[in-house]
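Each remark here refers to the structure printed beneath this line.
The values are calculated or read from the model by the stated rules, or taken from the named source; none is laboratory data. Bear in mind the structure is a predicted one, so any value in this text is a computation, not a measurement. Methodologically, a virtual Cβ is constructed for each residue, glycine included, from the backbone with ideal geometry; neighbour enumeration extends over all protein chains shown.
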Amino acid sequence: MEIKRLEDKFQKRIDREERIEPKDWMPEAYRKTLIRQISQHAHSEVVGMLPEANWITRAPSLRRKAALLAKVQDEAGHGLYLYSACETLGIKREELIDALHTGKAKYSSIFNYPTLTWADMGAIGWLVDGAAIQNQVPLCRTSYGPYARAMIRVCKEESFHQRQGYEIMMTLARGTADQKAMAQDALNRWWWPSLMMFGPSDAESPHSAQSMAWKIKRFSNDELRQAFVDKTVPQAEFIGLTVPDPDLQWNEEKGQYDFGEIHWDEFYEVIKGNGPCNRERIAARVKAHEEGAWVREAAVAYAEKKAKKNTEKAA
Amino acid sequence: MSERDEWPLWEVFIRSKQGLNHKHVGSLHAADAEMAIENARDVYTRRSEGVSIWVVPSHLIYASDPGDKESLFEPAQDKAYRHPTFYDIPKEIGHM
Amino acid sequence: MALNTSHDTALFKQLLALGDQSLILGHRLSEWCGHGPILEQDIALTNISLDLIGQCRTYYAAAAELEGEGRTEDDLAYFRTEREFNNPQLVELPNGDFAQTLVRQFLFDAFHVEWLAAAQHSPNPLIAERAVKALKEVNYHVRFSSDWMLRMGDGTEESHRRAQQALDYLWPYPGELFIPTEFEAELAGEGVTPDVTKLKAPWLLRVKSVLEEATLSIPENEHVYKGGKWGMHTEHLGYVLAEMQSLARTYPDAKW
């Protein structure tokens, strides 16, 4: 009975748009789902560094080199804010990283695709960050305080990412014939995976209903996807690129774009681990972690030695 | 993974150049205080000048009870986060 | 502007060399992005990389303007060959493990901070202004790399071994930092840039002090590898440039 009363009170707080903070009572399921969602978001930022870091050493101008490096570094920072928010729920970063490395935790499917050309840097910034922003802005009002505050920080920094990506695409689309072809090719490869980023239709999405009730999730997958398409298609048209969807059409009645069927089997294959780069991405993260073990150990050992010296001095 | 490579958690408080007081901005892992400050500069201030940084090991923070008196399951006046894991259970005890 | 005098030519070469040095080291550090031992340190290393690339851009911009032939910073970075780069060999060496990267960084930072501290007093604003700004960043770099020397040297047995190994491998390289090229000698003679021969003593003092505290031994090999500053590089620079310049060179007429 007690638990039921607490759950009712909790839901009333949610309905009143009150923020839930780390020490507040919360249903165990709420805590678990938040850990899953926040850590998945954090893992996505960190794994998401890899496809873009792939082009830092080959960036074709110093300005682009610096901007790309700064962008990827921001993503590391975002991962850090999110791990930090997640740790307030009573879990250690080590556990979260272990879950990622052993395949127990997921990250956004989009980062399992390869970055084959420089134009992919434009496509990722424009489409992938664009999709992420669509998702993230509503999260600034999510019910869990530390998550909302982390998202506010992330959103502040995110707008430069999308602008940078779009500017790269625009420069390429207005450049040489080779550059324009490079841009179109990147759009062709990244368009559908970006739409898949929003996840399957909510009817098929197992966690959606409860997440909406707890105001962890504020809009449905389909709503977010539609908003993304409506915003992005004119952007493509503006720079003379063609969205690779023969069924794309403006629907005057509905005031939005109709678009083609998404091939969800591709999405599920990638989630299962069969995307082009799943194994490489995880291998890279595992390698960094394992090769970094001696570094982390050295820092701990040194800190302990220093602390000991200080106590001896004080004595 | 040995425990000898885990860096403790630190809470970061920043007072901006024009600010009047330090605000809690988040946390990070660092092996010692110097590193915590350097990392806080890197992550939370992006190296802006004239900013004041405080870092505190998370386990040293004592937090008040949440307003709701119905929260029977939380210890009073205790740590900042909900967390079985913030209590150091000796390895010998096993999983708890 | 144009290179009308011997002084102008020397200054141009100096600015170019300063740019090369920062670019190649910044590029090497950027290779760590996404692969650091912990997220916080990934951010720290890339911050240093960004500082260095930023410094490079200010030097290249000044060099290009001085030259007055319409070359851009990207022409200088992407369309010169190995033998035209005047960075010291130290900065083009591979990252190796975290120890090799940080020992390389420390040996360079200890020199860089001395050079900038002297250069900030240059009567030539092209040098002085850049040095003042860079010094703020490099004071942080040398603190960061010094701290890591201590953590590695006086950490665990493994970290100590790796740091000593890195030190033994890298020790012959910093020597060329203190040997002036012709253009360095000319400018130092005019008091425009520091006399690098005079920087060796303070460098050694700082290095010895840190190594001692880190319980690391000064390698006995006194040989100095020199050549980078004169365009004679290790085999590594060729690969660095091949990767760095590949896309720009594939489409030489493109704007990015």
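Scan region C:79-104 residue by residue and report those that are in a helix (DSSP H, G or I) and within 10 Å of the chain's Cα centre (by Cα).
C:Q89, C:L90, C:V91, C:E92, C:R104
Among the numbered conditions (1) in a helix (DSSP H, G or I); (2) over 19 Å from A:I124 (Cα atoms); (3) without any contact (Cβ under 8 Å) to a residue 24 or more places away in the chain, tell me where A:D247 comes up short.
Going through the list (1) in a helix (DSSP H, G or I); (2) over 19 Å from A:I124 (Cα atoms); (3) without any contact (Cβ under 8 Å) to a residue 24 or more places away in the chain, A:D247 breaks only (1).
Would you be able to tell me the number of residues in region C:32-77 that are more than 8 Å from every other protein chain (Cβ to nearest Cβ), part of a loop (DSSP other than H, G, I, E, B) and more than 17 Å from the chain's Cα centre (by Cα)?
Within region C:32-77, residues that are more than 8 Å from every other protein chain (Cβ to nearest Cβ), part of a loop (DSSP other than H, G, I, E, B) and more than 17 Å from the chain's Cα centre (by Cα) number 5.
Given (1) in contact (Cβ under 8 Å) with a residue 40 or more places away in the chain; (2) within 18 Å of A:G130 (Cβ to Cβ); (3) within 22 Å of the chain's Cα centre (by Cα), where does A:V233 come up short, assuming only one miss?
The number of the failed condition is (1).
Condition first: surrounded by fewer than 16 Cβ atoms within 10 Å (Cβ to Cβ) and part of a loop (DSSP other than H, G, I, E, B). Now tell me which residues in region A:251-292 satisfy that.
Listed by number, the residues that qualify are A:E252, A:E253, A:K254, A:G255, A:G260, A:E261, A:H263, A:P276.
Restricting attention to region A:56-107, report how many residues are of a type outside the set (D, E, K, R), within 25 Å of C:T250 (Cα to Cα) and more than 7 Å from every other protein chain (Cβ to nearest Cβ).
Qualifying residue count for the region: 3.
Looking at A:A53, A:A119 in this structure, which one is away from chain B (no Cβ under 11 Å) and either surrounded by fewer than 20 Cβ atoms within 10 Å (Cβ to Cβ) or more than 28 Å from A:Q226 (Cα to Cα) (or both)?
A:A53
Got a number for residues in region B:15-60 being at the interface with chain A (Cβ under 9 Å from one of its Cβ atoms), part of a helix (DSSP H, G or I) and over 17 Å from C:W148 (Cβ atoms)?
Residues that pass the stated criteria total 3.
Which condition breaks for A:K23 when tested against (1) farther than 18 Å from A:Q210 by Cβ; (2) of a type in the set (K, R); (3) free of Cβ contacts under 8 Å to residues at least 60 places away in the same chain; (4) part of a helix (DSSP H, G or I)?
Evaluating A:K23 over (1) farther than 18 Å from A:Q210 by Cβ; (2) of a type in the set (K, R); (3) free of Cβ contacts under 8 Å to residues at least 60 places away in the same chain; (4) part of a helix (DSSP H, G or I) leaves (4) as the failure.
Just to verify a result, which residue in region A:160-185, among those that are at pLDDT 95 or above and away from every other protein chain (no Cβ under 14 Å), is nearest to A:D74 (Cα to Cα)?
Per the criteria, the residue is A:Y166.
Hey, A:K287 hits all of (1) among the charged types (D, E, K, R); (2) within 29 Å of B:H29 (Cβ to Cβ); (3) touching a residue at least 60 places away in the same chain (Cβ under 8 Å) but one; which does it fall short on?
(3)
How about region A:181-217: which of its residues are of a type in the set (K, R) and within 20 Å of A:N274 (Cβ to Cβ)?
Correct list: A:R189 only.
Would you kindly identify the helices (runs of 4 or more DSSP H) lying entirely within region A:99-217 that contain at least 1 residues that are more than 30 Å from A:R16 (Cα to Cα)?
The helices (runs of 4 or more DSSP H) meeting that bar are A:119-123, A:129-139, A:145-173, A:177-196.
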